[in-house]
Amino acid sequence: MTLIAFNKPMNILSQFTDEGRWRGLSRFGLPPGVYAAGRLDRDSEGLLLLTDDGRLQARITSGDTAKTYLVQVEGEPDDAALDALRAGVTMKDGPTKPAEATRIAGPDLWPRDPPVRFRKSVPDAWISLTIREGRNRQVRRMCAHVGFPCLRLVRWQVGPHAIDGLAPGTWREVPPVAR
């Protein structure tokens, strides 16, 4: 059983095949036979777990596994916005589960390519958001729902696995998630 922690760069697909102008995972020297346990949108960065074990993949993608994101948002979220995320927000596809939401200082991350557009007249801030479900573009939609559009989204941790020390485009084997 193999489990790989991969730091997916911006504008890379969470699949091995290229699609149009977007590159896939095949160019990063990942071991044969592994596949993504969940997805990370093309325009998102950070931790993507890959495995060769179907049961492990199902456990990782279950709604019980915590996924932590570092999110740069447009504006400065107030307590009401963070409280709304913590309570769960109702979106078009139904209510979200409560999240852990905390305002954080700007994390020490690698430069993004392309960089986030800087606007002198519009402040930005960072939040740490932990969810236990994985709807399509959920974190982006939750942040927009409370009035703070997402500028940069980095998945930092899935369950016990984080991308500490992994540069974009690099990977390492990690111990499988305990049952």
Of residues in the stretch 14-45 being closer than 21 Å to D164 by Cα and crowded, with 20+ Cβ neighbours inside 10 Å, the one farthest from the chain's Cα centre (by Cα)
L25
Check I131 against each of (1) over 26 Å from S14 (Cα atoms); (2) β-branched (V, I, T); (3) modelled with pLDDT of 95 or more and name the one condition it does not meet.
(1)
Can you find even one residue in the stretch 83-96 that is more than 16 Å from the chain's Cα centre (by Cα), outside the structural domain of L166 (by TED's automatic domain parsing) and polar (S, T, N, Q)?
yes
Taking the stretch 120-134 and keeping residues in contact (Cβ under 8 Å) with a residue 24 or more places away in the chain and of a type outside the set (A, V, I, L, M) leaves P123, D124, W126, S128, T130, R132, E133, G134
Taking the options D43, D18, name whichever one is without any contact (Cβ under 8 Å) to a residue 12 or more places away in the chain and either over 27 Å from L109 (Cα atoms) or acidic (D, E) (or both).
D18
Tell me whether the stretch 47-59 contains one or more residues that are surrounded by fewer than 13 Cβ atoms within 10 Å (Cβ to Cβ), out of contact with any Cys (no Cβ under 7 Å at 6 or more places or on another chain), of a type in the set (G, A, S) and free of Cβ contacts under 8 Å to residues at least 12 places away in the same chain.
yes
When the residues of the stretch 95-107 are filtered to those that are part of a loop (DSSP other than H, G, I, E, B) and of a type outside the set (K, R), which remaining residue is surrounded by the most Cβ atoms within 10 Å (Cβ to Cβ)?
A99
List the pairs whose first member sits in the stretch 1-13 and is closer than 11 Å to P31 by Cβ, whose second member is outside any loop (DSSP other than H, G, I, E, B) and of a type in the set (S, T, Y), and whose Cβ atoms are under 9 Å apart, counting only residues at least 6 apart or on separate chains?
T2/T51; L3/T51; I4/T51
Looking at the structure I just gave you, is K92 crowded, with 18+ Cβ neighbours inside 10 Å, of a type in the set (D, E, K, R) and modelled with pLDDT of 90 or more?
no
Do we have L56 as within 18 Å of M10 (Cα to Cα), not assigned by TED's automatic domain parsing to the domain that holds S128 and not in a loop (DSSP other than H, G, I, E, B) here?
no
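The values are calculated or read from the model by the stated rules, or taken from the named source; none is laboratory data. Small disclaimer: the values here were computed from a predicted structure and weren't measured. Using ideal geometry, Cβ is built from the backbone for each residue, glycine included, and neighbour counts are taken over all protein chains shown.
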